[in-house]
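Structure first, commentary second.
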Amino acid sequence: MNHRKCAGVFTSKWAAVNTIVKNHRIELEEFFDKDEIEQTSKRVLKAEARRILRKELEITYQTQGYETNYDIEVWNINEWYLNLYDPE
């Protein structure tokens, strides 16, 4: 958890998911096996990778297993959160 970085603050989950999907650097090897990459158009595979990424974020609010992973945290406006991270 020490390596987490905040990459953005959004007003909706939809906006966060769209921005992540738009800006994530797609490495086909992270999503597909070698044979599939060789037999399918890269454009089609990138679209499918974005669909997979979007689905993960919409369902679980996070990704796992990629070089860069994402975790969407939902916060309520005008609430104090400091005590959630207090070790005591």
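Quick note: the coordinates plus some simple rules give every number you see, no bench work behind them. Everything numeric here is computed off the predicted structure, so don't read it as measured data. Note that each Cβ is placed from the backbone with ideal geometry, even for glycine, and that neighbours are counted across all protein chains shown.
Brief remarks follow.
- Figure legend: label point modelled 7 angstrom from the Cα of W75 along Cα→Cβ; residues of region 1-33 with amide N under 12 Å from it are 6-11.
- log₁₀ of I(q)/I(0) at q = 0.26 Å⁻¹ - the chain, Debye sum with one point per alpha carbon: -1.38
- Which listed pairs, of K22/K42; K13/K46; K5/K42, have C-alpha distances above 27 Å, in listed order: K5/K42
- Loop sites here are trypsin sites (Lys or Arg not before Pro) outside DSSP states H, G, I, E and B with no more than 12 other Cβ atoms within 10 Å. The longest part of the chain free of them is 26-88.
- Under the combined filter of DSSP loop state and at most 11 neighbouring Cβ atoms within 10 Å, region 38-76 retains these GluC sites (Glu not before Pro): E67, E73.
- Computed from Cα atoms, the angle from the helix 13-23 axis to the main principal axis of the chain rounds to 40 degrees.
- Whichever aspartates and glutamates have a C-alpha closer than 19 Å to that of K55, once near sequence neighbours (fewer than 8 apart) are set aside: E27, E29, E30, E67, D71, E73
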